[in-house]
Amino acid sequence: MTRFYAILASSVIVIVIGVTLGLELFWRKDTGDCTGGQVAGGAVGGSFELQGGNGQTVTDRDIIDRPTLVYFGYTFCPDVCPFDVARNAVAVDLLSERGIEVRPVFISVDPERDTPDVVSEFAEAYHPDMIGLTGTQEQVKAVSKAYRVYFKLRNGGGDSHYLVDHSTFTYLMFPGNVFADFFRRDVVPEDMASRVACFVESA
């Protein structure tokens with residue numbers, strides 16, 4: 001009889017654990033998990049000075065004055081950058097429909113070709129609120145280091161049609177250089193919008 005009660009008690013425990021896990025999975029699916037991603041190398045983000053569309057100097061305080069999606073790439077990129085930037089633009093529009101204003105930012109890692117006018121025109125072609133930024137080689141290296149961004153000229157450049165290898169994360173930043181999360185290339189706009197909304201609404 002004692003063995004029967006032991007088996008019964010074990011079964012009840014298993015059922016309770018299963019129900020608990022099921023409810024937790026349902027809750028996470030319904031509300032989203034706001035746990036931020038971890039980027040190798042330590043903290044992400046920091047102060048910077050870059051150049052905006054008309055060549056004026058802007059700082060992180062000017063740009064990150066609201067939830068901001070920051071992406072590093074270059075305008076001559078033949079495939080990766082256009083896809084990622086377009087995805088970010090769609091996510092921003094989805095968030096806007098929910099009453100959440102998020103600023104999309106494109107920072108060039110190719111200042112040799114990406115002048116202020118070029119990078120500004122590129123950004124605005126994808127979204128009217130997207131800010132395109134560039135700078136001197138030193139400025140771009142500094143902001144890339146702050147965001148743990150890798151970039152390197154493929155084959156050392158050599159002509160005007162060179163390619164640039166670079167990391168492709170999009171970073172969710174809040175005022176004060178607060179890093180919240182990052183998004184890989186395989187994240188679709190709807191999932192990006194949901195995760196951003198989770199952070200904004202939990203703040």
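The values are calculated or read from the model by the stated rules, or taken from the named source; none is laboratory data. What you see is a predicted model, and the numbers here were worked out from it, not measured in a lab. All Cβ positions, even for glycine, are placed from backbone atoms using ideal geometry, and neighbour counts span all protein chains on display. When the accessible area is computed, the model is the full protein with side chains, heavy atoms only, and any ligands, DNA or RNA have been set aside. Shrake-Rupley method; radii C 1.70, N 1.55, O 1.52, S 1.80 Å.
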Task: Among the candidates Phe83, Phe76, residue that is among the hydrophobic types (A, V, I, L, M, F, W, C), in contact with an Asp or Glu (Cβ under 7 Å, 6 or more places away or on another chain) and more than 24 Å from Arg61 (Cβ to Cβ) - done: Phe76
- [ ] Being open to solvent by less than 30 Å² (accessible area, probe 1.4 Å) and among the β-branched types (Val, Ile, Thr) is the filter here, so list the residues in the stretch 169-203 that pass it.
- [x] Thr170, Val187, Val196
Task: Filter pass, Phe122 being surrounded by 22 or more Cβ atoms within 10 Å (Cβ to Cβ) and among the hydrophobic types (A, V, I, L, M, F, W, C) - done: yes
Task: Residue that is open to solvent by less than 40 Å² (accessible area, probe 1.4 Å) and either touching a Lys or Arg at 6+ places or on another chain (Cβ under 8 Å) or modelled with pLDDT of 95 or more (or both), where the choices are Arg61, Arg87, Arg66 - done: Arg87
- [ ] Kindly indicate whether Leu95 is at pLDDT 95 or above, within 16 Å of the chain's Cα centre (by Cα) and assigned to a strand (DSSP E or B).
- [x] no
Task: Filtered residues of the stretch 90-119 (kept if under 20 Å from Leu153 (Cβ atoms), surrounded by fewer than 22 Cβ atoms within 10 Å (Cβ to Cβ) and of a type in the set (Ser, Thr, Tyr)) - done: Thr115
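Could you check the stretch 75-85 and list, in sequence order, the residues that are closer than 20 Å to Thr134 by Cβ and part of a helix (DSSP H, G or I)?
Val80, Cys81, Pro82, Asp84, Val85
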- [ ] Sort out which residues of the stretch 125-134 are touching a strand residue (DSSP E or B) at 6+ places or on another chain (Cβ under 6 Å) and either within 13 Å of Tyr74 (Cβ to Cβ) or surrounded by fewer than 22 Cβ atoms within 10 Å (Cβ to Cβ) (or both), and write them in order of number.
- [x] His127, Met130, Gly132, Leu133, Thr134
